[in-house]
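Let me begin by presenting the structure, written as structure tokens, before commenting on it.
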Amino acid sequence: MISTKVNIAGVEFKNPVTVASGTFGHGEEFADLVDINKLGAVTTKGVANIPWEGNPTPRIAEVYGGMLNAIGLQNPGVDTFIERDLKFLKQKDTKIIVNVCGRSITDYIETVERLSDEAVDMLEINISCPNVSHGGIAFGTNVDSVRDITSQIKAHSKKPVIMKLSPNVTDITEIAKAAEDAGADALSLINTITGMKIDINKRCFAIANKTGGMSGPAIKPVALRMVYQVANAVKVPVIGMGGIATAEDAIEFLLAGATMVSAGTANFFNPNAGIDVAKGIEKYLEKNNFSDVNEIIGLVK
């Protein structure tokens, strides 16, 4: 028997595959297309302390090798999430990772405290959100800010905490070390890369927000490099994401040091991407005479 189980902060996953936040709704949206029970975990869309309307439309644009999005983290708020979406997820045989967003540290703490007594397995903290009390600079782009928000969330959370890192920084390892030093149980990366598209016929921005987060296969080499750097700079587990569409993509991330991987944009053109990746990883292990997925994690130095 081949074991695909991985353990992150005491939480055991049946396989090392989840879905990236914002690409799978809260799970129920894909339930008619995907057997959610076959995923290692479902990572939800961002959840805030109150409902967010999101950004003006248009919010999405296709680009070479991927897409841009500026959804603005539209969500129904934590109360509706618990009553409606979490109720659905609890019926499934998979782990639940809730992505948390906020405009201030107080916002994050309110949501984290609200989720602490609920049946969720881990919290993933999106620190690519703009900090309204510091001129809109994203929490995740400054070492001191990352250290501060991580320590405060850890002080209020009863669940293991994953800090989701932004790639829009000079040195990703400095940010990763700051999060680890402040008590993060795990790190996930990368979030989207800031990009832009202009409609030359209308002579206007393709997205109302002007800029958006780029995701999809084109960003994989950047994501893989950053995951490798972070996995070799910290001791906490790393969840790798960014352009993963196939098992081969995912295996690269595992070999680079990721303990777990997320399929993201691929879910839009292949709703079964996560399950296909999980099956492909198992086949790779069998073909190459590995009995446990942990044997290949960080194998390439």
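The values are calculated or read from the model by the stated rules, or taken from the named source; none is laboratory data. Note that this is a predicted model, so its numbers are computed, not measured. For neighbour counting, all protein chains shown are included, and Cβ atoms are generated from backbone atoms with ideal geometry for every residue, glycine included. Note: areas computed on protein heavy atoms with side chains; ligands, DNA, RNA excluded. Shrake-Rupley method; radii C 1.70, N 1.55, O 1.52, S 1.80 Å.
Of all DSSP bridge pairs formed entirely within region 23-156, close to 45 percent run antiparallel.
Extension gain, A119 to I60: 0.36 nm times the residue separation minus the Cα-Cα distance gives 18.0 nm.
Quick one: if the Förster radius is 51 Å, what FRET efficiency do A155 and N288 give, using the C-beta to C-beta distance and rounding to 0.05? Here the calculated transfer efficiency is 0.70.
Can you pick out the pairs among K154/K279; K38/K197; K90/K197; K14/K220; K210/K279; K159/K287 whose Cα atoms lie more than 28 Å from each other? Intermediate values should be presented prior to the final figure.
Values: K154/K279 34 Å; K38/K197 36 Å; K90/K197 39 Å; K14/K220 25 Å; K210/K279 39 Å; K159/K287 37 Å.
Table pairs above 28 Å Cα-Cα are K154/K279; K38/K197; K90/K197; K210/K279; K159/K287.
Stretching the chain fully between K235 and A208 yields a gain of 5.7 nm (0.36 nm per residue, less the alpha carbon separation). Roughly how far apart, in whole Å, are the Cα centres of region 41-95 and region 187-233? When both Cα centres are located, 18 Å separates them.
Take the chain with all the other protein chains still there, run a 1.4 Å probe, and you get 44 Å² of accessible area per residue. For Y284, the accessible area of its heavy atoms, probed at 1.4 Å with every protein chain present, is near 70 square angstrom.
Probe radius 1.4 Å, ligands and nucleic acids ignored: give me the carbon and sulfur share of the accessible area of region 143-279 as a rounded percent.
Details: 2800 of 5470 Å².
Summing carbon and sulfur atoms, their accessible area is 51 percent of the total for region 143-279.
Determine the share of region 1-86's accessible area contributed by carbon and sulfur atoms, expressed in whole percent, with a 1.4 angstrom probe. Here it works out to 52 percent.
Does region 208-298 classify as rounded, prolate or oblate by the C-alpha gyration tensor (a ≥ b ≥ c root eigenvalues; a/c under 1.5 gives rounded; else a/b over b/c gives prolate, otherwise oblate)? Verdict is oblate for region 208-298. Classify region 50-89: rounded, prolate or oblate, from the alpha-carbon gyration tensor (a ≥ b ≥ c, eigenvalue square roots; a/c under 1.5 rounded; otherwise prolate if a/b is larger than b/c)? Oblate shape, in that a/c is at least 1.5 and b/c is the bigger or equal ratio.
Based on C-alpha pairs under 8 angstrom that are at least 6 apart in sequence, the chain has a relative contact order of 20 percent.
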